[in-house]
Amino acid sequence: MRKLLNGLLLVFLSFSLVMQAQSTASAQVSIFTIEAPQLNAPKKIWMYLPKGYATSSQKYPVLYMHDAQNLFDARTSFVGEWNVDETLDSLNAKVIVVGIEHGNDKRIDELTPYKNEKYGGGKADAYLDFIVNTLKPEIDKRYRTKTDTQNTAIMGSSLGGLVSFYAVLKYPKVFGKAGIFSPSFWYSKDIYQLAQQAPMIKAKLYFLCGDDEDAEMVSDMQRMELIVSENQRHSKKLFRSEVIKGGKHNEKLWREHFAKAYLWLMN
């Protein structure tokens, strides 16, 4: 897993050098920038609005996602996009997606709740504070959103999977659902202790990883699933888990299983 993290870090540091010429983002996608005082930096936000948004008056659930550079556009993704916009268009999905760009060399800091002795990090509290107290109020003001817990979800992969799980523990009254793909639970074992000590986890959780990612990926994820299962007790319907045979730690895995996770989480 350490090799994976080193490789991903090189990818993110190099991504500006390998941008493709033509955008693949659909017409439903737009971008704006917002100041993030918690992070002492501006943040670029990618917005997906469902088909028919402009001509309707209805309100929509919201899915917050990390690493926005990899969600919608092959031009900004080094190793392929998730095709979130095309997938949701094909499903005629009634959802707003808020993609938050990672901070390049600050990505590890933003997406890790605890410091790792070798890789550092541990500033996810500031990142989530930005999402909850700066970004979400702005999104709810600008767009027609359903603002309640059950209509607010968060999703990501790798470190994004880790911070998405952390988010539902830290802000259970904000995030009622989480998509947790290939979570980097190895980064700090403190996340297991936090989950064990948490009040009953009421969030709806979708765990997914491949069996060809890392020697410890499946066992680490299943260890967390056991904690969640024991914590939720009578709420077994609130989480689902999949281990994909041959699945590797990449956008291909996450892209191919995004639709199924979305449909289960948001319906």
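The values are calculated or read from the model by the stated rules, or taken from the named source; none is laboratory data. Please read these numbers as outputs of a predicted model, since none were measured by experiment. Cβ placement follows ideal geometry from the backbone for every residue including glycine, while neighbour counts extend to all protein chains displayed.
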(request) Counting only residues that are under 16 Å from residue 63 (Cα atoms) and touching a strand residue (DSSP E or B) at 6+ places or on another chain (Cβ under 6 Å), give me the helices (runs of 4 or more DSSP H) lying completely in the range 122-234 with at least 3 of them. (result) 159-170
(request) Could you list, in sequence order, all residues of the range 109-121 that are outside any loop (DSSP other than H, G, I, E, B) and farther than 16 Å from residue 70 by Cβ? (result) 109, 116, 120
(request) Among the residues of the range 235-255, write down those that are of a type in the set (S, T, N, Q), part of a loop (DSSP other than H, G, I, E, B) and touching a Leu at 6+ places or on another chain (Cβ under 8 Å). (result) none
(request) Run down 207, 175 and say which single residue is in contact with a helix residue (DSSP H, G or I) (Cβ under 9 Å, 6 or more places away or on another chain), aromatic (Phe, Trp, Tyr) and within 19 Å of residue 254 (Cα to Cα). (result) 207
(request) Can you work out which of the residues in the range 30-68 that are more than 24 Å from residue 251 (Cβ to Cβ) and in a helix (DSSP H, G or I) is farthest from the chain's Cα centre (by Cα)? (result) 55
(message) Which numbered condition in (1) out of contact with any helix residue (DSSP H, G or I) (no Cβ under 7 Å at 6 or more places or on another chain); (2) of a type in the set (Val, Ile, Thr); (3) modelled with pLDDT of 95 or more is the only one that residue 11 fails?
(response) (3)
(message) For the range 110-124: of the residues being over 23 Å from residue 83 (Cα atoms) and within 15 Å of the chain's Cα centre (by Cα), which is surrounded by the fewest Cβ atoms within 10 Å (Cβ to Cβ)?
(response) 124
